[in-house]
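The values are calculated or read from the model by the stated rules, or taken from the named source; none is laboratory data. Since this is a predicted model, take the numbers as computed values, not measurements. All Cβ positions, even for glycine, are placed from backbone atoms using ideal geometry, and neighbour counts span all protein chains on display.
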Amino acid sequence: MYARSDPDDKLRTLAELQAGVLTAEQATAAGVGPRSQQRLVSQGHWSRLTDGVFLVGGLAPDWSAMAWAGVLQVGDHARLGGTSAGFIDGLIDQPPEPILVLVPHATQRQNRSPWMFRRERPEIRQLQMRRDPPRTTIEDTVLDLCDPSFPGSDQRTPADWIADAVQQHLTTPQRLRRSLDGRRRHPRRRLLERLLDDVGRGAQSRLELSYLRDVERPHGLPASVRQRRTDNSAGRSFSDVRYEKYGVIVELDGETGHVGSGRFRDMARDNAALLDGAVTLRYGSYDLLTGPCEVGWQVGQLLLQRGWPGPFVRCSGCVSFPG
(Lines give C-alpha, C1' and ligand atoms only; values in the text may rest on other atoms or scores of the structure.)
Protein backbone atom coordinates (compact mmCIF):
# COMPACT_ATOMS: atom_id res chain seq x y z
CA MET A 1 0.00 0.00 0.00
CA TYR A 2 1.14 3.50 -0.83
CA ALA A 3 0.20 6.35 1.47
CA ARG A 4 -2.18 8.85 -0.02
CA SER A 5 -0.58 12.28 -0.29
CA ASP A 6 -2.29 15.55 -1.16
CA PRO A 7 -0.75 18.98 -1.83
CA ASP A 8 -0.04 20.94 1.31
CA ASP A 9 -0.35 24.71 1.73
CA LYS A 10 3.26 25.30 0.72
CA LEU A 11 2.81 23.47 -2.58
CA ARG A 12 -0.48 25.22 -3.27
CA THR A 13 1.20 28.58 -2.63
CA LEU A 14 3.97 27.69 -5.07
CA ALA A 15 1.36 26.79 -7.68
CA GLU A 16 -0.38 30.14 -7.17
CA LEU A 17 2.91 31.95 -7.76
CA GLN A 18 3.36 30.02 -11.02
CA ALA A 19 -0.10 30.70 -12.49
CA GLY A 20 -1.35 27.32 -11.25
CA VAL A 21 1.52 25.33 -12.77
CA LEU A 22 3.74 22.77 -11.01
CA THR A 23 6.42 20.40 -12.19
CA ALA A 24 6.54 16.75 -11.19
CA GLU A 25 9.85 17.45 -9.45
CA GLN A 26 8.33 20.27 -7.40
CA ALA A 27 5.40 18.07 -6.38
CA THR A 28 7.65 15.15 -5.46
CA ALA A 29 9.92 17.41 -3.39
CA ALA A 30 6.81 18.50 -1.47
CA GLY A 31 5.81 14.89 -0.75
CA VAL A 32 3.31 14.37 -3.59
CA GLY A 33 4.90 11.45 -5.42
CA PRO A 34 4.22 10.04 -8.91
CA ARG A 35 1.31 7.83 -7.82
CA SER A 36 -0.39 10.71 -6.03
CA GLN A 37 0.21 12.93 -9.04
CA GLN A 38 -1.45 10.37 -11.32
CA ARG A 39 -4.39 10.06 -8.94
CA LEU A 40 -4.89 13.84 -8.86
CA VAL A 41 -4.90 13.87 -12.67
CA SER A 42 -7.31 10.96 -12.99
CA GLN A 43 -9.69 12.58 -10.49
CA GLY A 44 -9.67 15.84 -12.43
CA HIS A 45 -7.95 17.89 -9.73
CA TRP A 46 -4.86 18.35 -11.90
CA SER A 47 -4.34 18.29 -15.65
CA ARG A 48 -1.18 17.42 -17.54
CA LEU A 49 0.06 20.29 -19.75
CA THR A 50 3.13 18.47 -21.05
CA ASP A 51 5.53 15.83 -19.80
CA GLY A 52 6.27 16.48 -16.16
CA VAL A 53 4.20 19.68 -15.94
CA PHE A 54 0.75 19.96 -14.37
CA LEU A 55 -1.95 22.57 -13.99
CA VAL A 56 -3.66 22.38 -10.62
CA GLY A 57 -7.31 23.16 -10.01
CA GLY A 58 -8.92 21.41 -12.97
CA LEU A 59 -9.43 24.63 -14.97
CA ALA A 60 -8.49 25.35 -18.57
CA PRO A 61 -5.01 26.90 -18.78
CA ASP A 62 -4.75 30.57 -19.69
CA TRP A 63 -1.83 32.23 -21.50
CA SER A 64 0.07 32.86 -18.27
CA ALA A 65 -0.15 29.20 -17.28
CA MET A 66 1.14 28.09 -20.67
CA ALA A 67 3.98 30.63 -20.45
CA TRP A 68 5.01 29.24 -17.07
CA ALA A 69 4.72 25.70 -18.42
CA GLY A 70 7.01 26.60 -21.31
CA VAL A 71 9.74 27.74 -18.94
CA LEU A 72 9.29 25.06 -16.28
CA GLN A 73 9.40 22.13 -18.70
CA VAL A 74 12.93 23.15 -19.71
CA GLY A 75 14.23 23.81 -16.22
CA ASP A 76 16.98 26.07 -14.95
CA HIS A 77 18.10 29.04 -17.06
CA ALA A 78 15.10 28.94 -19.41
CA ARG A 79 13.19 32.20 -19.75
CA LEU A 80 10.61 33.94 -21.86
CA GLY A 81 11.85 36.26 -24.58
CA GLY A 82 10.71 38.51 -27.40
CA THR A 83 7.05 39.43 -27.55
CA SER A 84 6.26 36.92 -24.79
CA ALA A 85 8.49 38.80 -22.33
CA GLY A 86 7.27 42.09 -23.80
CA PHE A 87 3.64 41.22 -23.16
CA ILE A 88 4.25 40.58 -19.48
CA ASP A 89 6.16 43.85 -19.14
CA GLY A 90 3.43 45.82 -20.94
CA LEU A 91 5.29 46.52 -24.19
CA ILE A 92 2.54 44.89 -26.27
CA ASP A 93 -1.17 44.59 -25.54
CA GLN A 94 -2.16 41.14 -26.79
CA PRO A 95 -0.77 37.79 -25.57
CA PRO A 96 1.38 36.46 -28.39
CA GLU A 97 1.51 33.01 -29.90
CA PRO A 98 3.66 31.10 -30.16
CA ILE A 99 5.09 31.62 -26.70
CA LEU A 100 8.82 32.13 -27.11
CA VAL A 101 11.07 30.35 -24.60
CA LEU A 102 14.81 30.99 -24.64
CA VAL A 103 16.82 27.96 -23.59
CA PRO A 104 20.55 27.43 -22.90
CA HIS A 105 22.54 26.92 -26.08
CA ALA A 106 23.39 23.32 -25.22
CA THR A 107 19.70 22.43 -24.78
CA GLN A 108 17.76 20.85 -27.63
CA ARG A 109 13.99 21.30 -27.66
CA GLN A 110 11.51 20.66 -30.45
CA ASN A 111 8.86 23.31 -30.99
CA ARG A 112 5.44 22.20 -29.86
CA SER A 113 2.30 24.33 -29.88
CA PRO A 114 1.97 26.78 -28.22
CA TRP A 115 5.72 26.98 -27.54
CA MET A 116 8.65 28.00 -29.69
CA PHE A 117 12.07 27.22 -28.24
CA ARG A 118 15.10 29.25 -29.25
CA ARG A 119 18.62 28.58 -28.07
CA GLU A 120 20.58 31.55 -26.75
CA ARG A 121 24.31 31.89 -26.51
CA PRO A 122 25.83 33.02 -23.21
CA GLU A 123 27.03 36.58 -22.63
CA ILE A 124 24.69 38.17 -25.17
CA ARG A 125 21.89 39.20 -22.86
CA GLN A 126 22.02 40.36 -19.27
CA LEU A 127 22.24 37.67 -16.61
CA GLN A 128 19.04 36.13 -15.34
CA MET A 129 17.32 38.27 -12.74
CA ARG A 130 14.67 37.04 -10.35
CA ARG A 131 11.52 37.78 -12.32
CA ASP A 132 8.29 35.80 -12.29
CA PRO A 133 7.93 34.26 -14.73
CA PRO A 134 11.62 34.19 -15.70
CA ARG A 135 12.16 36.44 -18.73
CA THR A 136 14.64 38.75 -20.38
CA THR A 137 15.08 42.29 -19.12
CA ILE A 138 13.01 44.89 -20.92
CA GLU A 139 16.23 46.27 -22.45
CA ASP A 140 17.19 42.90 -23.93
CA THR A 141 13.62 42.34 -25.05
CA VAL A 142 13.62 45.62 -27.00
CA LEU A 143 17.05 44.98 -28.54
CA ASP A 144 16.01 41.47 -29.56
CA LEU A 145 12.86 42.78 -31.22
CA CYS A 146 14.95 45.31 -33.17
CA ASP A 147 16.83 42.37 -34.73
CA PRO A 148 15.14 41.48 -38.06
CA SER A 149 15.93 37.78 -37.59
CA PHE A 150 14.25 37.57 -34.18
CA PRO A 151 10.71 36.12 -33.93
CA GLY A 152 8.10 38.87 -33.66
CA SER A 153 10.43 41.69 -34.71
CA ASP A 154 8.37 42.40 -37.84
CA GLN A 155 5.39 43.59 -35.79
CA ARG A 156 6.94 47.06 -35.44
CA THR A 157 9.89 49.04 -36.68
CA PRO A 158 12.97 49.51 -34.48
CA ALA A 159 11.96 53.14 -33.95
CA ASP A 160 8.55 51.98 -32.75
CA TRP A 161 9.95 49.37 -30.35
CA ILE A 162 12.31 51.89 -28.78
CA ALA A 163 9.87 54.79 -28.67
CA ASP A 164 7.08 52.65 -27.20
CA ALA A 165 9.31 51.26 -24.45
CA VAL A 166 10.62 54.69 -23.47
CA GLN A 167 7.29 56.49 -23.74
CA GLN A 168 5.67 53.91 -21.46
CA HIS A 169 8.50 54.45 -18.95
CA LEU A 170 9.53 50.79 -19.17
CA THR A 171 13.15 51.80 -19.69
CA THR A 172 15.33 54.76 -20.64
CA PRO A 173 17.59 55.53 -23.62
CA GLN A 174 20.58 55.34 -21.28
CA ARG A 175 19.71 51.83 -20.08
CA LEU A 176 19.07 50.66 -23.63
CA ARG A 177 22.39 52.11 -24.75
CA ARG A 178 24.26 50.32 -21.96
CA SER A 179 22.65 47.04 -22.96
CA LEU A 180 23.50 47.64 -26.61
CA ASP A 181 27.10 48.48 -25.72
CA GLY A 182 27.26 45.19 -23.80
CA ARG A 183 26.49 43.17 -26.92
CA ARG A 184 29.38 42.25 -29.12
CA ARG A 185 27.17 42.40 -32.17
CA HIS A 186 23.77 43.55 -33.31
CA PRO A 187 22.74 43.67 -37.00
CA ARG A 188 21.24 47.14 -36.58
CA ARG A 189 23.75 48.65 -34.15
CA ARG A 190 24.33 51.90 -36.05
CA LEU A 191 20.62 52.48 -36.59
CA LEU A 192 19.88 51.79 -32.93
CA GLU A 193 22.65 54.13 -31.79
CA ARG A 194 21.14 56.94 -33.89
CA LEU A 195 17.64 56.20 -32.65
CA LEU A 196 18.76 56.16 -29.03
CA ASP A 197 20.56 59.47 -29.54
CA ASP A 198 17.35 60.97 -30.93
CA VAL A 199 15.21 59.60 -28.12
CA GLY A 200 17.78 60.77 -25.61
CA ARG A 201 17.39 64.29 -26.98
CA GLY A 202 13.67 64.26 -26.27
CA ALA A 203 11.95 62.57 -29.22
CA GLN A 204 9.97 60.19 -27.09
CA SER A 205 7.06 59.04 -29.25
CA ARG A 206 6.86 57.33 -32.62
CA LEU A 207 5.51 60.52 -34.16
CA GLU A 208 8.25 62.68 -32.68
CA LEU A 209 10.89 60.34 -34.06
CA SER A 210 9.18 60.33 -37.45
CA TYR A 211 8.98 64.12 -37.46
CA LEU A 212 12.66 64.47 -36.56
CA ARG A 213 13.93 61.88 -39.04
CA ASP A 214 11.52 62.39 -41.96
CA VAL A 215 10.60 66.07 -41.70
CA GLU A 216 13.01 68.26 -39.77
CA ARG A 217 16.41 66.89 -40.74
CA PRO A 218 15.99 66.04 -44.44
CA HIS A 219 14.46 69.47 -45.14
CA GLY A 220 17.09 71.50 -43.34
CA LEU A 221 14.73 72.95 -40.75
CA PRO A 222 16.34 74.51 -37.67
CA ALA A 223 16.85 72.28 -34.65
CA SER A 224 13.77 72.22 -32.44
CA VAL A 225 13.29 71.42 -28.79
CA ARG A 226 10.88 68.70 -27.79
CA GLN A 227 8.60 68.26 -24.81
CA ARG A 228 9.23 71.85 -23.68
CA ARG A 229 7.12 72.80 -20.67
CA THR A 230 5.01 75.93 -21.01
CA ASP A 231 3.00 77.76 -18.35
CA ASN A 232 0.32 80.09 -19.70
CA SER A 233 -3.34 80.97 -19.27
CA ALA A 234 -4.32 77.40 -20.31
CA GLY A 235 -2.22 75.97 -17.48
CA ARG A 236 0.92 73.85 -17.68
CA SER A 237 1.49 71.95 -20.91
CA PHE A 238 4.24 70.33 -22.96
CA SER A 239 4.87 71.07 -26.63
CA ASP A 240 5.80 68.14 -28.87
CA VAL A 241 8.05 70.29 -31.08
CA ARG A 242 8.89 73.94 -30.50
CA TYR A 243 10.96 76.38 -32.54
CA GLU A 244 11.44 78.79 -29.67
CA LYS A 245 13.26 81.55 -31.57
CA TYR A 246 10.53 81.81 -34.20
CA GLY A 247 7.43 81.24 -32.09
CA VAL A 248 6.37 78.11 -33.98
CA ILE A 249 4.92 75.04 -32.27
CA VAL A 250 4.25 71.70 -33.97
CA GLU A 251 1.88 69.33 -32.18
CA LEU A 252 1.73 65.70 -33.24
CA ASP A 253 -1.53 63.86 -32.59
CA GLY A 254 -1.98 60.09 -32.59
CA GLU A 255 -3.84 57.99 -35.11
CA THR A 256 -7.27 58.83 -33.76
CA GLY A 257 -6.51 62.40 -32.79
CA HIS A 258 -8.00 64.02 -29.75
CA VAL A 259 -11.74 63.86 -29.19
CA GLY A 260 -14.08 65.15 -26.53
CA SER A 261 -12.45 67.05 -23.71
CA GLY A 262 -8.98 66.40 -25.14
CA ARG A 263 -9.86 68.37 -28.29
CA PHE A 264 -11.01 71.34 -26.22
CA ARG A 265 -7.84 71.22 -24.13
CA ASP A 266 -5.85 71.39 -27.37
CA MET A 267 -7.87 74.39 -28.49
CA ALA A 268 -7.31 76.17 -25.19
CA ARG A 269 -3.60 75.44 -25.37
CA ASP A 270 -3.34 76.67 -28.98
CA ASN A 271 -5.26 79.83 -28.16
CA ALA A 272 -3.06 80.55 -25.15
CA ALA A 273 0.07 80.01 -27.24
CA LEU A 274 -1.25 82.43 -29.87
CA LEU A 275 -1.78 85.08 -27.21
CA ASP A 276 1.85 84.57 -26.23
CA GLY A 277 2.90 85.14 -29.84
CA ALA A 278 3.37 81.49 -30.91
CA VAL A 279 1.60 79.79 -33.81
CA THR A 280 0.69 76.10 -33.63
CA LEU A 281 0.59 73.63 -36.52
CA ARG A 282 -0.94 70.20 -35.97
CA TYR A 283 -0.24 66.97 -37.81
CA GLY A 284 -1.33 63.38 -37.33
CA SER A 285 0.32 60.06 -38.03
CA TYR A 286 -1.31 59.93 -41.48
CA ASP A 287 0.31 63.24 -42.45
CA LEU A 288 3.77 62.09 -41.41
CA LEU A 289 3.36 58.69 -43.06
CA THR A 290 2.01 59.87 -46.42
CA GLY A 291 3.35 63.40 -46.78
CA PRO A 292 6.43 64.21 -44.67
CA CYS A 293 7.77 66.47 -47.41
CA GLU A 294 4.57 68.51 -47.52
CA VAL A 295 4.63 68.78 -43.72
CA GLY A 296 8.24 69.96 -43.93
CA TRP A 297 7.39 72.54 -46.59
CA GLN A 298 4.49 73.94 -44.56
CA VAL A 299 6.56 74.21 -41.38
CA GLY A 300 9.42 75.71 -43.36
CA GLN A 301 7.20 78.36 -44.94
CA LEU A 302 5.86 79.40 -41.55
CA LEU A 303 9.37 79.56 -40.12
CA LEU A 304 10.51 81.71 -43.07
CA GLN A 305 7.60 84.07 -42.49
CA ARG A 306 8.63 84.41 -38.87
CA GLY A 307 12.27 85.23 -39.46
CA TRP A 308 14.09 81.96 -40.14
CA PRO A 309 16.78 82.69 -42.78
CA GLY A 310 16.44 79.22 -44.35
CA PRO A 311 16.94 77.78 -46.80
CA PHE A 312 14.31 75.06 -47.03
CA VAL A 313 16.00 71.95 -48.46
CA ARG A 314 14.18 69.83 -51.00
CA CYS A 315 15.06 66.24 -50.21
CA SER A 316 15.26 63.45 -52.77
CA GLY A 317 11.62 62.56 -52.16
CA CYS A 318 10.21 66.08 -52.47
CA VAL A 319 7.72 67.01 -55.16
CA SER A 320 7.48 70.54 -56.50
CA PHE A 321 6.01 72.96 -54.01
CA PRO A 322 4.91 76.48 -54.87
CA GLY A 323 7.25 79.33 -54.16
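Laid out as a table, the results:
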| quantity | calculated |
| --- | --- |
| Test set (1) under 25 Å from the mean Cα position of the chain (by Cα); (2) at pLDDT 95 or above; (3) among the charged types (D, E, K, R); (4) surrounded by fewer than 21 Cβ atoms within 10 Å (Cβ to Cβ) - ARG121 fails condition number | (2) |
| Within region 8-32, tally of residues that are farther than 22 Å from VAL71 by Cα and assigned to a loop (DSSP other than H, G, I, E, B) | 2 |
| Residue check for ASP132: assigned to a loop (DSSP other than H, G, I, E, B), surrounded by fewer than 21 Cβ atoms within 10 Å (Cβ to Cβ), of a type in the set (Asp, Glu) and touching a helix residue (DSSP H, G or I) at 6+ places or on another chain (Cβ under 7 Å) | yes |
| Lone unmet requirement of (1) surrounded by 18 or more Cβ atoms within 10 Å (Cβ to Cβ); (2) modelled with pLDDT of 95 or more; (3) part of a helix (DSSP H, G or I) for ARG177 | (1) |
| Residue pairs meeting the criteria (Cβ under 9 Å; at least 6 apart or on separate chains; first among the hydroxyl-bearing types (Ser, Thr, Tyr), in region 109-120; second crowded, with 19+ Cβ neighbours inside 10 Å) | SER113/PRO98 |
| So ASP160, is it over 22 Å from ARG79 (Cβ atoms), buried (at least 16 other Cβ atoms within 10 Å of the Cβ) and in contact (Cβ under 8 Å) with a residue 40 or more places away in the chain | yes |
| Inter-residue pairs, beta-carbon under 7 Å, first under 13 Å from LEU143 (Cα atoms) and at pLDDT below 90 and in region 188-205, second among the acidic types (Asp, Glu) and assigned to a helix (DSSP H, G or I), 6+ apart | none |
